[in-house]
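Let me begin by presenting the structure, written as structure tokens, before commenting on it.
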Amino acid sequence: MSYALPPLYLDDLTIHRVVESEAPLFAARSFFPSLTQAMLDENRAWLEPKFIEPVTEKLILAVQSYIVKTPHHTILVDSCVGNHKPRPGRPFWDKQTSDTYERNLAACGVGVGDIDFVMCTHLHVDHVGWNTRLDNGRWVPTFPNARYLFSDRELAYWTERESKDAATCPWITDSVLPIVAARRADTVSSSHELNDHVRCIPTPGHTIDHFAVHAGRKDKADAVITGDMIHSPLQARYPELGMMSDYDSKQAGQSRRSLFGRFADSPTLMCTAHFPSPSVGRVVRRGDAFDLPLLTGGA
């Protein structure tokens, strides 16, 4: 695997992808419960083989972070699955020991001590894992100099859920609460402005207070790091298509329509969490919905 992926250069920003994995993971019709076989067949010609594996009909999904380098800060957006984390419900993520993520991080010229902020778009298992690492049997912050930014409502929801039944969300126990205990967490609103280069956009629905990250100064080249506001280009063509882990699929669809309507047919890049490589594209209008074609050349 090539660890040095080409970065995006946007005015005085640089954005790097840090890939942990990319593989067929979930059957499309299980992942999207309202996806009919007729809808899948209608779109099969452009979905296969890049976005859906032929025969198995499994979605090909990347799991990745984005590094945003501004003139003043180095910011990590989302932190994937992580190593040594017990995930028996997801065997393909259970107790990973891969060096891929760390090597991809290093290929960006970034060490764990260089991260100033970790921004978690939401607190699902595949977006918080590298928040912590195992050290002599304890989960400690992977990025020792970083402040970790969590939505206040998101953290409150998952903290309460973990306190009632930790077995339903073990990633909160090992990847979120140790950050709070280490006093490295900052709770913010989902419309928080980190600085003049980076701000949050509320995109609730997939989780209770999911946010996207908008990077770029006003009237300059910009990008939106979508998090799990969208998982597949099918959700651009069908914005109301919910996925199996949504907190509120109707609200998630409204968030997609709102954000895509704002940025459609503009130069703004969409840096997706789970689209396969190159994972980045621009949203365009398609009738009463949208398309999100991926880049084929430079930004």
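For segment 102-222, what's the radius of gyration and Dmax over Cα atoms, in angstrom?
14.9, 48
Which order results if 31, 150 are arranged by neighbouring Cβ count within 10 Å, fewest first?
31, 150
When DSSP beta bridges are limited to those with both residues in segment 8-291, what percentage is antiparallel, rounded to the nearest 5?
About 75 percent, rounded to the nearest 5.
Name the lysines eligible as straight-distance cross-link partners of residue 58: C-alpha to C-alpha under 21 Å, and not fewer than 8 places from it in the same chain.
Output for residue 58: 50.
What list of ³J(HN,Hα) couplings, whole Hz, do you get for segment 109-118 from phi and the Karplus terms 6.51, -1.76, 1.60, once you set θ to phi - 60° and write x for glycine and proline?
x, 10, x, 4, x, 8, 6, 8, 9, 10
Hey, how many Å between the Cα centroid of segment 7-37 and the Cα centroid of segment 183-245?
For segment 7-37 versus segment 183-245, the Cα centre distance is 14 Å.
If neighbour count is taken as other Cβ atoms inside 10 Å, put 101, 247 in order from fewest to most.
247, 101
Ordered by residue, what ³J(HN,Hα) values in Hz, to whole numbers, does segment 69-84 give under the Karplus form 6.51 cos²θ - 1.76 cosθ + 1.60, where θ = phi - 60° and Gly and Pro are x?
Those phi angles translate into 9, 9, x, 10, 9, 10, 10, 9, 9, 6, 9, 6, 9, x, 9, 6 Hz.
Quick one: Cα centre-to-centre distance for segment 149-175 and segment 43-119, in angstrom?
After rounding, the separation between the Cα centres reads 21 Å.
Counting alpha carbon pairs within less than 8 Å and at least 6 residues apart, what relative contact order, in whole percent, applies to the chain?
15 percent
Would you kindly give the portion of the calculated P(r) for the chain that falls above 38 Å, as a percent of all Cα pairs?
Percent of Cα pairs beyond 38 Å in the chain: 7.
Going by C-beta contacts inside 10 Å, put 193, 160, 154 in order with the fewest on the left.
Ranked by crowding around the Cβ, least crowded first: 160, 193, 154.
So what J values fall out for segment 52-66 if you push phi through Karplus, 6.51 cos²θ - 1.76 cosθ + 1.60 with θ = phi - 60°, rounded to Hz, Gly and Pro as x?
In residue order, the calculated couplings are 9, 6, x, 6, 6, 6, 8, 6, 8, 10, 8, 10, 7, 10, 10 Hz.
Would you kindly state the longest site-free stretch of the chain, with sites defined as trypsin sites (Lys or Arg not before Pro) in a DSSP loop (not H, G, I, E, B) surrounded by at most 10 other Cβ atoms within 10 Å?
1-182
Read-outs throughout are calculated quantities, based only on the coordinates presented, and are distinct from any laboratory measurement. From a predicted model like this one, the values you see are computed outputs, not experimental measurements. Every residue, glycine among them, receives a Cβ derived from its backbone with ideal geometry; neighbour counts consider all protein chains shown.
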